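Readers should treat all values here as calculations from the given coordinates under stated rules, not as data from a laboratory. As the structure is a computational prediction, the values presented were derived from the model and not from experiment. Here Cβ is always computed from backbone atoms with ideal geometry, including for glycine, and neighbour counts include all displayed protein chains.
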Amino acid sequence: MTKRLLTCAVLFLALKAAAGIEKVAPALGQTPDANFSNDIGLNIIVALQGRLDMKRKGWSVYAPARLGTALQRGDLLRLEGSSQAKVVCAGLTVSDVPRELSGVPCPATKPILIYLGDKVTVTRGYGEGVFPRVVAPRKTKLLNPRPTLSWMPVAGATGYKLIVRGQKASGQNPSWNISVPSITRLDYPEGAPPLEADTDYKLIIRAGGHQSDEEAEPGLGFALLKSDKAKEVRNAEKKIYGLGLPDAPTRLVIAYLYAAYDLNAEAIERLEGISDTLQEPVPARLLGALYMAIGLSRHAEKHYLRALEFSRKVNDEEGQALAHKELGRIYDEALGNRNAAIQHFESALNWYKKLGDQQTAGRIEGKLAQRR
């Protein structure tokens, strides 16, 4: 495999933050290649009965792991009593966590699921209803040549005009448009031409004298994933289905796979609704990371707040640290809410100190020193 994943926000996990590893957010734009070491393999807890504690490299204490927690080589695991846990390994096999103290129970192999660097860029926040804002597809690759189109509503709009513009290397510029009533989501129209390979597209929404390309954020377009990469994804997806996992863990693993190939829109589609079903922190954090990756900071805020709520309910110490840290970044860099940013950074700092993660605590202390 060659390079893949999020180039903007990453993810975005932020996928680091989403996955639960302090240096693994979905990093938009990166993809695994044959030279990557197994150290970047993403191993995911997909079944857990009872209690599983983990101690990451750099921590001084153990903390509870959760369903969906991402594990990395060097992490230590401690399964308590009659508890049971299963891990989907980076090479897409399933392993049981041993009862005794152990490392991550995955073989050294070329990873298919990978950690992405903590490179998610927080973009400026946005007001509601000022002009149409595309939600999907934006800043993404796609497998589906007929994707779902969605956008944020404009106050008072009675209808919208949708324009899909393409640009080929040959200079051709295919496009089509359609007018719709006051809705914010549309299945790709049957009569519209499907997306074509080697073409860069952009969705433009018009309403109330404004249009979505008034948004200054760069790179808001989309394109089909190249055929060789699409084949890799489809083959990996078949392997994931063949693992026989329940629906929610299957969707979560596929979302991580999609994120690694910069398939942000389709990763979000896989995750939407899982948070309501599982009430677990990891899917909500991953959604937050992915929305950060595509430049929708208000959407990211919503999901990180949900992740924080879930983490508090289940005493997920690392989850609270991660959610507070990412919320601090959102309020600081996107929404300009200095007081909220400081509060979240201080909470994150307390949790990282409790975990004994002095490296991350030091970085947060640096941020706080600049803002006080």
(message) Below 17 Å, Cα to Cα, which aspartates and glutamates can Lys226 reach? Residues fewer than 8 away in the same chain don't count.
(response) Asp33, Glu196, Asp198, Asp200, Glu237, Asp262, Glu266
(message) Going by Cα centres, the range 55-115 and the range 322-353 are how many Å apart?
(response) 28
(message) Taking amide H atoms as placed 1.01 Å from N in the peptide plane, list the residues 5 or more away in sequence, or in a different chain, whose amide H sits under 5 Å from that of Leu71.
(response) Asn43, Ile44, Ile45
(message) Output wanted: per-residue J couplings in Hz (rounded whole) for the range 283-292, from phi through Karplus 6.51 cos²θ - 1.76 cosθ + 1.60, θ = phi - 60°, x for Gly and Pro.
(response) x, 5, 5, 5, 4, x, 5, 5, 5, 4
(request) Just report the Cα centroid separation between the range 180-232 and the range 249-266, whole Å. (result) 19
(message) Going by amide H atoms built from the backbone, whose H comes under 5 Å of the H on Ile112, apart from near neighbours?
(response) Gly91, Leu92
(message) Checking the a/c ratio against 1.5 first, then a/b against b/c, what shape does the Cα gyration tensor give for the range 213-259?
(response) oblate
(message) Starting from the 7 Å offset along Cα-to-Cβ, what nm value, one decimal, do you get for the label separation of Gln370 and Asn339?
(response) 2.3
(request) Please sort 242-249, 222-229 by packing, taking for each peptide the average over its residues of neighbouring beta carbons within 10 angstrom, highest first. (result) 222-229, 242-249
(request) Starting from the Kirkwood radius over alpha-carbon pairs of the range 179-298, derive D by Stokes-Einstein at 10 °C in a medium of 1.306 mPa s and give it in µm² s⁻¹. (result) 96
(message) Please list, in order along the range 360-369, the HN-Hα scalar couplings obtained from phi with the Karplus expression 6.51 cos²θ - 1.76 cosθ + 1.60 (θ = phi - 60°), rounded to whole Hz, x for Gly and Pro.
(response) 5, 4, x, 5, 5, 4, x, 4, 5, 4
(request) Please work out, to two decimal places, the log10 of the ratio I(q)/I(0) at q = 0.06, 0.09, 0.10, 0.12 Å⁻¹ from a Debye calculation in which every Cα of the chain carries one identical scatterer. (result) -0.22, -0.50, -0.61, -0.87
(message) Once you keep just the Cα pairs under 8 angstrom separated by 6 or more residues, what percentage relative contact order results for the range 133-224?
(response) 39
(message) Restricting to Cα atoms and excluding each atom paired with itself, what does the Kirkwood estimate give for the range 133-224 in Å?
(response) 13.5
(request) Check cross-link reach from Lys238 to the aspartates and glutamates: straight Cα distance under 15 Å, and skip same-chain residues fewer than eight apart. (result) Asp247
(request) Using the structure shown, list the pairs from Lys55/Lys139; Lys239/Lys313; Lys202/Lys231; Lys57/Lys110; Lys139/Lys168; Lys57/Lys86 with a Cα-Cα distance above 29 Å, or answer none. (result) Lys55/Lys139; Lys239/Lys313
(request) Quick one: which residues, 5 or more positions from Trp176 or on another chain, have an amide H under 5 Å from its amide H? H modelled 1.01 Å from N in the peptide plane, none for Pro or chain starts. (result) Val164
(message) If packing is taken as the average number of other Cβ atoms within 10 Å across a peptide's residues, how do 279-287, 230-238, 349-357, 131-139 rank, most packed first?
(response) 279-287, 131-139, 349-357, 230-238
